[in-house]
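*Asks:* One structure follows; several queries about it will come next.
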2 protein chains.
Amino acid sequence: MENCQFCNISNHRIAADIIYESNLAMCFLDNRPISKGHSLVIAKEHFDNLYDIDDESLYEIHRVARLVSTTINQIYHPLGINVVQNNGEHAGQTIFHYHVHIIPRYDDSYNRALEAMARKRVRVDLSELGPVGNEIRSRLTP
Amino acid sequence: MENCQFCNISNHRIAADIIYESNLAMCFLDNRPISKGHSLVIAKEHFDNLYDIDDESLYEIHRVARLVSTTINQIYHPLGINVVQNNGEHAGQTIFHYHVHIIPRYDDSYNRALEAMARKRVRVDLSELGPVGNEIRSRLTP
């Protein structure tokens, strides 16, 4: 897609600090990093999000995410690493081309943010959750 | 592992609201859900985290995560879905058995938390980031 930033990186029309590249996936440093080693793994082919990515690209991306995460862990010894994949603007997706964030953590900021979010959020109404398991199961095994 | 909660769920020794099960993976509702449909996909075999999971389990988990996310999206039409995999206590991992969170979002709370975290965090020292690409690349292609 012509106007897709990640398609243009995948086609080498836009520069990026590319760490790893294979037939189906590419990994490069995020250009607005949250932390040292913050990287993105993208499908070289265009898929908007998780709902439409095919098996081969999905598997290759997660193989590369494991490889790069393990390598970052060995080099920089972060306290932890989050692997995050966002679908939809309200879930933090800003570029609508399937990608996975690898975010090394060197302090407790992520846990503190999770706690703050947990304190603020509206409690889940458990009565509303009762049928959820049945609803999802019945779609998966009709 | 005897004392691992997710091994015990995988072996059906501890009950869970299981949505989907295959030879290598299992998906069940989180018992302290953040939102309607919050689910976990686990490897049935024990792996501590991303660094030690094998190909087959990794691929199967992400296949199941795509299947369940797509189904939740079709049933509940959330505004977005985050797929999150945490490695290490400081990255929010509380059970040390590889698992992926599927978190549907029905409001903007996640984006607001990301913004709050961005405001609070120490700016990344870009001079420190200069060699990062080279350091990671040289490990990946020695």
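*Asks:* Take A:Tyr51 and tell me if it is open to solvent by 10 Å² or more (accessible area, probe 1.4 Å), over 20 Å from B:Thr70 (Cα atoms) and aromatic (Phe, Trp, Tyr).
*Replies:* no
*Asks:* Using the structure shown, decide if A:Ser69 is open to solvent by less than 10 Å² (accessible area, probe 1.4 Å), over 27 Å from B:His90 (Cα atoms) and either in contact with a Cys (Cβ under 9 Å, 6 or more places away or on another chain) or among the hydroxyl-bearing types (Ser, Thr, Tyr) (or both).
*Replies:* No.
*Asks:* Name the pairs whose Cβ atoms lie under 8 Å apart, with the first residue in the range B:79-100 and at the interface with chain A (Cβ under 7 Å from one of its Cβ atoms) and surrounded by fewer than 20 Cβ atoms within 10 Å (Cβ to Cβ), the second outside any helix (DSSP H, G or I) and among the hydroxyl-bearing types (Ser, Thr, Tyr), and 6 or more positions between them or separate chains?
*Replies:* These pairs meet every condition: B:Leu79/B:Tyr106.
*Asks:* Give me the residue from the range A:119-139 that is surrounded by 13 or more Cβ atoms within 10 Å (Cβ to Cβ) and closer than 18 Å to B:Ser35 by Cα and, out of that set, modelled with the lowest pLDDT.
*Replies:* It comes out as A:Arg121.
*Asks:* Right, something else. For A:Asn134, only one of the following conditions fails: (1) out of contact with any strand residue (DSSP E or B) (no Cβ under 9 Å at 6 or more places or on another chain); (2) under 18 Å from A:Ala43 (Cα atoms); (3) of a type in the set (S, T, N, Q). What is its number?
*Replies:* Evaluating A:Asn134 over (1) out of contact with any strand residue (DSSP E or B) (no Cβ under 9 Å at 6 or more places or on another chain); (2) under 18 Å from A:Ala43 (Cα atoms); (3) of a type in the set (S, T, N, Q) leaves (2) as the failure.
*Asks:* Can I ask one more? Name the residue, out of A:Ser10, A:Ser22, that is on the phi < 0 side of the Ramachandran plot and in contact with a Lys or Arg (Cβ under 6 Å, 6 or more places away or on another chain).
*Replies:* Values: A:Ser22 fails: in contact with a Lys or Arg (Cβ under 6 Å, 6 or more places away or on another chain).
Unique residue meeting the criteria: A:Ser10.
*Asks:* Sort out which residues of the range B:19-32 are surrounded by fewer than 17 Cβ atoms within 10 Å (Cβ to Cβ) and either modelled with pLDDT under 95 or assigned to a loop (DSSP other than H, G, I, E, B) (or both), and write them in order of number.
*Replies:* B:Ser22, B:Asn23, B:Asn31, B:Arg32, listed by residue number.
*Asks:* Which of the strands (runs of 3 or more DSSP E) contained wholly in the range A:36-112 include at least 1 residues that are farther than 18 Å from A:Leu24 by Cβ and out of contact with any Phe, Trp or Tyr (no Cβ under 9 Å at 6 or more places or on another chain)?
*Replies:* A:80-87, A:99-105
*Asks:* Within the range A:25-41, how many residues are within 8 Å of chain B (Cβ to nearest Cβ) and in contact with a Cys (Cβ under 9 Å, 6 or more places away or on another chain)?
*Replies:* Number of matching residues: 1.
*Asks:* A:Ser57 versus (1) hydroxyl-bearing (Ser, Thr, Tyr); (2) crowded, with 18+ Cβ neighbours inside 10 Å; (3) more than 7 Å from chain B (Cβ to nearest Cβ); (4) farther than 23 Å from A:Ile14 by Cα: which is the lone unmet condition?
*Replies:* Failed condition: (4).
*Asks:* For A:His90, indicate whether it is under 15 Å from the mean Cα position of the chain (by Cα) and of a type outside the set (A, V, I, L, M).
*Replies:* Working: under 15 Å from the mean Cα position of the chain (by Cα): yes; of a type outside the set (A, V, I, L, M): yes.
Answer is yes for this residue.
The values are calculated or read from the model by the stated rules, or taken from the named source; none is laboratory data. Just so you know, these numbers come straight off a predicted model, no measurement behind them. Methodologically, a virtual Cβ is constructed for each residue, glycine included, from the backbone with ideal geometry; neighbour enumeration extends over all protein chains shown. Side chains are part of the model used for accessible areas, which takes the heavy atoms of the whole protein and leaves out ligands, DNA and RNA. Shrake-Rupley method; radii C 1.70, N 1.55, O 1.52, S 1.80 Å.
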